[in-house]
Amino acid sequence: MIYDRNNLPEELKNLPASAFESLHQEDIKDEKFQTKPIGFFKDAMIRLSKDAVSMISLTMILLIVILSLLIPNITGYTYTQQNVAQTNMPPKIPGLEKLGIADGTYVLKDRRKDKLDDTDRYPEGSVLETLNEHEVNGVIMCDVKVDYYAFCGAPADEYHWLGTDALGRDLMTRLFRGARISLLIAVITVFTNVFIGVVYGAVSAYYGGKVDIFMTHLAEVMDGMPYVVVTILFMLVLGAGIFSIILAMTVTGWIGTSRLIRAQFYRFKGREYVLAARTLGVPDRILIFRHILPNCVGPLITRSMIAIPGAIFSESFLAYIGLGIAPPNPSIGILLSDGQKVLLQYPYQTVFPAILISVLMIAFNLFSNGLRDALDPTKRGEE
């Protein structure tokens, strides 16, 4: 018989709990998480650490940074030290010289064979062998392979691992000193562009309306300014130097960051938590920098890392065309510019700077790609 709960008989109203029996006795247990929950950035760093290519690239970047800090101080030479008696000396590395690699030898072209015994021209022990003998107007000519260090009168225990340049300056010291300067310019430029771009883009998108229209058109006008012309004007007014290069690269370099931040702010400023905070009277600066801006950190970090190799290349390009820092300070672009003048005779003066800038560009780009994937929220939780 079925009873309504409102008209139960008296004998049923006061039944003890022991009179009731569950129809389904199943142990219901809450599922327990096997691991502790992790935040977005911790998850991103875990996924980044599992990317072998990104980790190798990061290792290469850190290695170059460490070498650029240490090597100019431990070679025994300064980046301005000249020795006109030891110009254009080839690389010589202890240990490898016994294997015939980087042994300090060089082939002098088209020399008179009858003059090889002249110790004023060819110091004793400098001539190793003659090559390609041929006769020119009755005179026997040949190529002469020499120990260039002995030929220049350098001590037997003197080594220049990457050789010397046209003024007898140690190339390894100048190369890593130049890498230090190029990295310094790139990092300062990128951080300055990020700061200006974040503030400009955030203000433009947050207030919107006429403020956004005015600031957007102003950025478009500045983006149309010829980059090289602006750089030349800064050089004329401020002179060649690190400060003028950073200013020239900052004039329009922040515009891309401001556009990124503007787009992100338009995406997040209409969210419920932002509207609720505004209703509660939270000041604009708190809304901008505490509630909205943290959502832009992922794309901002990725763009910053991608911008660093671009800044290195821009600085090297300016130095290559003669708009870089003032001599005798080196940079990668200046070394490439000097090396290409003697590329056929002394290719190592171009090869080593080219290898260094190539490794930097490739490493930064590969690491940036890995960082972009790690900070992609759609890939969170993927192995």
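Tabulated data
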{"quantity": "Answer residue from region 285-296, given it is under 26 Å from Thr250 (Cβ atoms) and either charged (D, E, K, R) or touching a residue at least 24 places away in the same chain (Cβ under 8 Å) (or both) and is surrounded by the most Cβ atoms within 10 Å (Cβ to Cβ) among those", "calculated": "Ile292"}
{"quantity": "Members of region 42-54 that are touching a residue at least 40 places away in the same chain (Cβ under 8 Å) and part of a helix (DSSP H, G or I)", "calculated": "Asp43, Ala44, Met45, Arg47, Leu48, Val53, Ser54"}
{"quantity": "Subset of region 55-105 (residues that are of a type outside the set (Gly, Ala, Ser), exposed (fewer than 13 other Cβ atoms within 10 Å of the Cβ) and assigned to a loop (DSSP other than H, G, I, E, B))", "calculated": "Pro94, Ile101"}
{"quantity": "Matching residues, region 209-253, being outside any helix (DSSP H, G or I), in contact (Cβ under 8 Å) with a residue 24 or more places away in the chain and more than 22 Å from Phe191 (Cβ to Cβ)", "calculated": "Gly239, Ala240"}
{"quantity": "Subset of region 271-284 (residues that are assigned to a loop (DSSP other than H, G, I, E, B) and either modelled with pLDDT under 85 or surrounded by 13 or more Cβ atoms within 10 Å (Cβ to Cβ) (or both))", "calculated": "Arg271, Val282"}
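The values are calculated or read from the model by the stated rules, or taken from the named source; none is laboratory data. Just so we're clear, the structure is a prediction, and the values are computed from it rather than from any experiment. No Cβ is skipped: glycine too gets one built from the backbone with ideal geometry, and neighbour counts run over all protein chains shown.
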